[in-house]
Every structure is written in C-alpha cells, then in structure tokens.
Ligand SMILES: [Fe+2]
Ligand SMILES: [Fe+2]
C-alpha cells in the first residue's frame with residue numbers, strides 16, 4: 001500500500017497526542033456479549049470530557065456507562081448508524097439515565113430521535129481547543145437510512161461495509177444497487193489507511209482498513225462489478241432476523257417504551 | 001480523574017507507517033467467538049512481513065490464518081502467556097499448518113514448546129531496519145509460569161492482570177501473594193499510558209491502561225493492600241473450569257496430539 005499520510009485530513013489522535021499532550025481522542029471499542037455481535041464505540045475528548053457512543057445496545061447500557069464513568073467522561077450524544085433490526089438501541093435507556101443526553105439518527109431512517117442528521121452534516125463535541133468532528137456520509141443500501149461517520153482516520157460504517165462483507169439488502173428499504181454505489185462513492189473514496197470500524201463482526205475481528213476492503217472484500221471489492229454484487233446479494237437466502245419484530249418498532253421510537 | 005487515558009485505536013501502525021514509511025507495527029486484536037472470551041493478538045512487521053500470534057486458540061486457527069494471509073504476513077512464533085486451563089492453545093495446529101513456525105512459552109510453565117523463555121528475555125522479529133521486540137516479564141500468581149510481554153506502549157498480560165480484575169489463583173500453582181507482587185512490581189511500574197491487552201474480557205471491553213487499573217482495579221488497585229487482595233481471592237468460590245480436564249494435558253504438550 002502506498003500511504004500518503006500528509007494528504008489525510010485531520011491529524012490522527014496518535015500524532016495529536018504526541019504534539020499536544022493535553023489533547024487527543026479517547027477511543028474504546030466495545031463488544032456486545034449478549035448475543036448480537038454488535039460493536040459499540042466510545043469517543044471522548046480528554047479536555048472537556050465530552051463523549052459520544054456510536055450504536056449503543058439496550059442490553060449493554062450499564063456496561064457502557066461504567067466505562068464512561070471510569071474514564072470521567074460525560075455523554076453528550078447516543079448516535080446510531082441506522083435503525084437496527086437485530087437489537088434494540090441503547091439510546092432510550094441512556095436518555096433516561098444521563099441528563100441532557102441526546103439521541104441522534106439519520107432523518108432518512110424515519111426513526112424518532114432528538115437530533116436528525118443528514119449527509120454532509122458534522123456532529124461536533126469536545127472543547128473549543130480540541131473539537132472532535134464526525135462527518136456524516138449517507139451510505140444507504142442496507143437500509144435506506146444508513147449513514148457512516150468519518151472521524152480523523154476512522155470510519156464507522158454501521159452495516160454498510162463489514163469486514164470482508166456487508167449488511168443484507170433484502171428488507172427495510174434495502175437495495176443492493178444503492179449499497180454498491182454508497183460503498184464505492186462514499187467509503188472507498190477515503191484514504192486506504194482509514195480504519196474501518198463496523199457495527200458487527202461474527203468472527204471476532206475488530207477492525208479493517210479501506211485498502212483491505214477494496215482489495216479483499218469478496219462481495220464489494222474493487223474486482224466486483226455492480227451486477228456481480230447484485231447477483232451475490234440476491235442469492236444469500238438469509239433467515240428472517242430473530243429479533244426484528246421487537247427491535248424495529250422499538251428502534252423507530254429511539255428504544256423508548258411509550 | 002487526572003490520568004491520561006490516551007487509548008487509541010490499536011492501529012498505531014498506519015500512522016507510524018505514514019511518518020516512517022519503512023517502519024511501523026501491524027496490530028490486530030481478535031476475539032474468540034467459540035466461547036472462552038479469549039483475545040488473540042497479531043503483531044507484524046510491515047517491512048519483512050514477519051509476524052507473531054499471542055495466545056492463539058485451537059478453535060480459531062483458521063480465522064487467524066485468514067487474517068495473517070490477508071495482510072500478507074508470515075508467522076514466525078505462536079506465543080503463549082501461560083498454560084491455559086480454559087481452552088486449547090492453537091500452537092500445535094499452527095505448527096502443523098505453517099512451516100517453520102515455532103511455539104513459545106515460559107520455561108516455568110512446565111509445558112512443551114520449541115522455544116522456552118524466561119524473565120528478561122526478548123523475543124524479536126521483523127526486519128533489521130524495523131525490529132519488533134517483546135520483552136518478557138515474569139508475572140506468576142495466576143499460574144506459576146505466567147509471563148507478560150511488553151511491546152512499545154502495550155503490555156500483553158495474559159491472565160495476570162485483566163480489565164478491572166485478574167485471573168484466579170486457586171490452582172495450577174497459583175498464589176495470590178505472588179500475583180499481587182507480580183502486578184505491583186512488573187506491571188504497575190510501566191507508564192500509566194501503557195495499553196493493557198489481557199487474555200480475556202467477559203464484558204466485551206478490549207483494552208485498558210496501567211493508569212486505569214492502578215486507580216480502578218477493584219482487586220489489585222493501588223488502594224488495596226496485599227492482605228485485602230489475598231482475602232478477596234480466597235473468597236471467590238469459583239467453579240471448576242469447564243474445559244480444564246482436556247485443556248491442561250493438551251497445553252502441556254503445546255496443543256499437539258501425540
Ligand atoms: Fe442493520
Ligand atoms: Fe489462565
């Protein structure tokens with residue numbers, strides 16, 4: 001891989017740390033031990049202590065809050081990549097437990113939330129001296145309301161791009177054609193060394209890179225045409241998700257019981 | 001809290017590569033999806049492509065080799081932190097599948113291996129221009145043959161120090177007194193920012209720091225005396241490990257069926 005570090009947008013935390021010991025990015029990846037193999041991501045600003053969670057799960061809220069508290073952080077946003085069909089979002093429980101916390105999801109998801117975002121928006125948190133930005137990129141196809149979040153040298157892809165795979169496209173307004181275009185135009189345009197942090201992995205892998213997925217993703221890699229991808233996706237014959245009947249209605253309401 | 005929790009995404013390698021295109025460290029943390037909640041670590045040199053696995057599992061060898069091959073790496077060592085009682089090491093299967101691979105474990109473990117290491121040894125791999133060193137620190141107490149490996153700003157602690165916990169001390173030559181001394185003299189002497197990568201976590205947490213564990217470990221934190229720790233450990237009333245009767249004899253032979 002021919003890395004072009006200096007063409008990358010903002011400085012990676014590793015470098016920022018070295019240059020500014022008072023700044024940086026607190027980052028923790030957390031795995032769901034309750035069964036859905038979901039990853040939740042904690043990002044925090046060490047200066048102001050403001051933090052966000054990406055794709056928290058209802059079942060893991062207490063674990064997440066323990067990590068947040070241990071690190072002395074204050075949660076500002078519970079951010080969802082999309083309206084999940086396999087688990088209930090932790091947004092509702094987090095709102096009940098953390099005063100002032102706001103839930104975030106794409107407008108196009110059709111789900112209820114405190115903040116609705118769309119392509120091109122930037123979610124910011126942290127101190128003025130150490131603002132952390134999440135750039136919103138619309139990546140529909142798994143669902144019509146899927147977005148990815150770019151932060152420094154990382155991208156949180158939800159179910160749009162998984163490690164050597166991708167989310168299914170056969171319900172929730174899914175479209176293989178749209179997913180192919182999303183991945184090609186929104187994700188594969190990122191620098192090769194961008195770290196890919198997905199919403200799931202079922203083999204215990206935790207991270208990939210855009211370069212790897214371009215080369216190695218068996219469904220969506222650069223060698224695959226859109227026609228091949230559509231064909232692959234139409235032959236998956238996946239089972240109906242176990243928790244969809246409870247998850248979808250709950251997630252459309254931000255995980256809050258009325 | 002004044003500690004610097006600069007935990008960053010584990011791939012410092014890409015940034016380092018960017019800064020020094022001839023150097024860096026490839027790093028992947030991998031989670032056991034077969035039930036033991038074990039973490040396996042892949043460390044590789046991007047120059048020579050030499051790599052090692054720390055604590056591979058028999059059940060996950062094919063997954064591990066796929067990651068290794070995807071990244072274009074060649075495995076030199078399968079390194080164990082100790083003789084595990086909860087799963088069978090992948091060392092034997094890896095030796096059968098990877099020509100020239102050598103298994104590594106502490107001499108004090110009493111287990112068979114190609115290379116026996118002891119406190120103060122350094123395991124080296126990688127190109128002359130980018131040597132990667134694992135410094136061996138004896139950290140007995142969970143078992144009498146436990147070691148930790150220090151590499152750059154990371155320490156692989158096996159079951160000696162877990163996130164907010166530690167391994168049990170009630171069999172395999174375990175000793176609460178020894179474990180307390182090991183953690184205090186060998187691990188807590190590392191810089192606070194050192195990333196702690198344990199052999200397990202049962203709550204889906206993936207990394208901690210020495211600073212956090214000094215302040216927050218409920219068994220072994222700085223506020224606990226040795227007497228308090230011994231008392232805590234003697235009252236755990238843990239069940240007999242499910243897989244110990246198959247794991248221990250196998251692991252004493254490096255996971256190889258005679
Ligand atoms: Fe999904
Ligand atoms: Fe152990």
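Considering only residues that are more than 24 Å from residue A:202 (Cα to Cα) and away from ligand 2 (no atom under 15 Å from the Cβ), which ones fall in the stretch B:67-92?
B:74, B:76, B:77, B:92
Here are A:87, A:82: which of them is within 16 Å of ligand 1 (Cβ to nearest atom), within 14 Å of chain B (Cβ to nearest Cβ) and buried (at least 21 other Cβ atoms within 10 Å of the Cβ)? Quick ask: steps written out before the conclusion?
Numbers: A:82 fails: within 14 Å of chain B (Cβ to nearest Cβ).
The match here is A:87.
Can you tell me which residue within the stretch A:41-68, out of those that are within 19 Å of the chain's Cα centre (by Cα) and part of a loop (DSSP other than H, G, I, E, B), is surrounded by the fewest Cβ atoms within 10 Å (Cβ to Cβ)?
Here the residue is A:45.
Here's the yes/no breakdown for (1) within 12 Å of ligand 2 (Cβ to nearest atom); (2) within 26 Å of residue B:87 (Cα to Cα); (3) within 14 Å of chain A (Cβ to nearest Cβ); (4) touching a helix residue (DSSP H, G or I) at 6+ places or on another chain (Cβ under 8 Å):
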residue: B:127; (1), (2), (3), (4): no, no, no, no
residue: B:131; (1), (2), (3), (4): no, no, no, no
residue: B:136; (1), (2), (3), (4): no, yes, no, no
residue: B:141; (1), (2), (3), (4): yes, yes, no, yes
residue: B:145; (1), (2), (3), (4): yes, yes, no, yes
residue: B:150; (1), (2), (3), (4): no, yes, no, no
residue: B:157; (1), (2), (3), (4): yes, yes, no, yes
residue: B:160; (1), (2), (3), (4): yes, yes, no, yes
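Residue A:32 fails exactly one of the following numbered conditions: (1) within 12 Å of another protein chain (Cβ to nearest Cβ); (2) more than 16 Å from ligand 1 (Cβ to nearest atom); (3) in contact with a strand residue (DSSP E or B) (Cβ under 8 Å, 6 or more places away or on another chain). What is the number of that condition?
(2)
Can you work out which of the residues in the stretch B:69-79 that are over 14 Å from the mean Cα position of the chain (by Cα) and more than 14 Å from every other protein chain (Cβ to nearest Cβ) is surrounded by the fewest Cβ atoms within 10 Å (Cβ to Cβ)? I'd like the intermediate steps shown before the answer.
Filtering the stretch B:69-79 down to residues over 14 Å from the mean Cα position of the chain (by Cα) leaves B:69-76.
Pick out the ones that are also more than 14 Å from every other protein chain (Cβ to nearest Cβ) and you get B:74-76.
Values: B:74: 17, B:75: 26, B:76: 23.
Here the answer is B:74.
Give the residue that is nearest to ligand 2 (Cβ to nearest atom), with candidates limited to residues of the stretch B:169-181 that are in contact (Cβ under 8 Å) with a residue 60 or more places away in the chain and either crowded, with 20+ Cβ neighbours inside 10 Å or within 14 Å of chain A (Cβ to nearest Cβ) (or both).
If we filter the stretch B:169-181 for residues that are in contact (Cβ under 8 Å) with a residue 60 or more places away in the chain, which is where we start, we get B:169-172.
The next check asks that each one be either crowded, with 20+ Cβ neighbours inside 10 Å or within 14 Å of chain A (Cβ to nearest Cβ) (or both); those that pass are B:169, B:172.
On the way: B:169: 10, B:172: 8 Å.
The selected residue is B:172.
I need the full set of residues from the stretch B:200-226 which are over 16 Å from the mean Cα position of the chain (by Cα), surrounded by fewer than 16 Cβ atoms within 10 Å (Cβ to Cβ) and at the interface with chain A (Cβ under 9 Å from one of its Cβ atoms), in order please.
none
Name, by its number, the condition in (1) in contact with a helix residue (DSSP H, G or I) (Cβ under 9 Å, 6 or more places away or on another chain); (2) at the interface with another protein chain (Cβ under 9 Å from one of its Cβ atoms); (3) modelled with pLDDT of 95 or more that does not hold for residue A:92.
(2)
This table checks each residue for (1) touching a helix residue (DSSP H, G or I) at 6+ places or on another chain (Cβ under 6 Å); (2) within 14 Å of ligand 1 (Cβ to nearest atom).
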| site | (1), (2) |
| --- | --- |
| A:178 | no, no |
| A:191 | no, no |
| A:194 | yes, no |
| A:197 | no, no |
| A:218 | no, no |
| A:222 | yes, no |
| A:227 | no, no |
| A:238 | no, yes |
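Any residue in the stretch B:105-118 that is at pLDDT 95 or above, more than 14 Å from every other protein chain (Cβ to nearest Cβ), away from ligand 2 (no atom under 16 Å from the Cβ) and over 25 Å from residue B:173 (Cβ atoms)?
No: the stretch B:105-118 contains no residue that is at pLDDT 95 or above, more than 14 Å from every other protein chain (Cβ to nearest Cβ), away from ligand 2 (no atom under 16 Å from the Cβ) and over 25 Å from residue B:173 (Cβ atoms).
Being within 16 Å of ligand 2 (Cβ to nearest atom), buried (at least 18 other Cβ atoms within 10 Å of the Cβ) and over 19 Å from residue B:83 (Cα atoms) is the requirement here; does residue B:233 meet it?
Spelling it out, residue B:233 is indeed within 16 Å of ligand 2 (Cβ to nearest atom), buried (at least 18 other Cβ atoms within 10 Å of the Cβ) and over 19 Å from residue B:83 (Cα atoms).
The values are calculated or read from the model by the stated rules, or taken from the named source; none is laboratory data. No experiment lies behind these values; they were computed from the predicted model shown. So basically every Cβ, Gly included, is an ideal-geometry build from the backbone, and we count neighbours across all protein chains shown.
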